[in-house]
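First comes the structure, then the notes that go with it.
Since every read-out is calculated from the coordinates, none of them should be taken as a lab result. Computed from a predicted structure; not experimentally measured. Glycine gets a Cβ as well: all are built from the backbone with ideal geometry, and neighbour counts include every protein chain shown.
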Amino acid sequence: SVSDEAAALIEPLSVGLWACERAEIKPGSRVLIAGAGPIGIIAAQAARAFGATEIYITDIAEDRLAFALEHGATHALNAKTDSVEGLDVDAFIDASGAPQAVRSGIKAVGPAGRVILVGLGADDLELPVSHIQNREIWLSGVFRYTNTWPLAIQLIADGKVDLDILVTGKFALAESEEALKAGKQAGQLKAVVYPGR
């Protein structure tokens, strides 16, 4: 069974699943995710469902880091104070779009690792090219997804991914403007609008 709230979030889950597929996350993988917003937390849950055993997540907001630890991540690091360089993870998924997070995340990737850029940031980005070349790192962007909805629905129904925890606001259709504003407030993740409410 899938709740209405979870059904409303199947699309962002599909993005997280596709990022994990492109990152080739498998049992025993070590993963770093930058950004503990909805997509980052979804990616952490997806990575765990794919069998990752170590899931590091970074953000600058302590409340989001604490939330991520409760819902998928195994380690939380404050991007302002904690370094990720040298973690030698198998995969890095950027869900922040922050140029510094991308650069430091790439430096955390081990030999033959994979980097997936999900977060939308600047059009141009300075990258540590020698690190990418020397470690033969594979880098790809993710904007959409392919054939992930059946897996998304199954993971929700099996309880391997919990999207209900991301819904921090519920609004009637007449309150749509408030719902859009709520998503930008501290402590908020996803708002759901109910047309019949």
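How much net charge surrounds L87 when only other residues with a Cβ under 11 Å from its Cβ are counted (Lys, Arg +1; Asp, Glu -1)?
Working: positive: R30, K107; negative: E54, D82, E85, D88, D90.
Within the 11 Å Cβ shell, the charges total -3.
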The orientation-averaged projected area of the Cα convex hull of segment 1-98, in nm², is 6.3
Counting only DSSP loop positions in segment 39-85, the trypsin sites (Lys or Arg not before Pro) whose Cβ has at most 16 other Cβ atoms within 10 Å are K80
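Taking neighbour counts of Cβ atoms within 10 Å as a proxy for exposure, in what order, fewest first, do Y56, Y145, Y194 appear?
Working: Y56 23, Y145 18, Y194 14.
In increasing order of surrounding Cβ atoms, one gets Y194, Y145, Y56.
Would you mind ranking I41, I93, I10, I25 by Cβ crowding within 10 Å, fewest neighbours first?
Details: I41 30, I93 33, I10 17, I25 27.
Fewest to most other Cβ atoms nearby, the residues stand as I10, I25, I41, I93.
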Spelling it out for I33: with amide H atoms placed in the peptide plane at 1.01 Å from N, the residues 5 or more places away or on another chain with amide H under 5 Å from its amide H are Y56, I57, T58, I93
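Return the ratio Rg/(2.2 N^0.38 Å) for the chain, where Rg is computed over Cα atoms only. Walk me through the numbers on the way to the answer.
Values: Rg = 16.6 Å, N = 197, 2.2 N^0.38 = 16.4 Å.
My calculation over the Cα atoms of the chain gives 1.01.
Please work out how much length the chain gains when fully extended from S1 to D88, using 0.36 nm per residue of separation minus the C-alpha to C-alpha distance, in nm with one decimal.
Details: separation 87, 0.36 × 87 = 31.32 nm, distance 3.83 nm.
Length gained, S1 through D88: 27.5 nm.
Which order results if F50, F67, F171, F143 are arranged by neighbouring Cβ count within 10 Å, fewest first?
Numbers: F50 20, F67 23, F171 17, F143 9.
Arranged by neighbour count, lowest to highest, F50, F67, F171, F143 become F143, F171, F50, F67.
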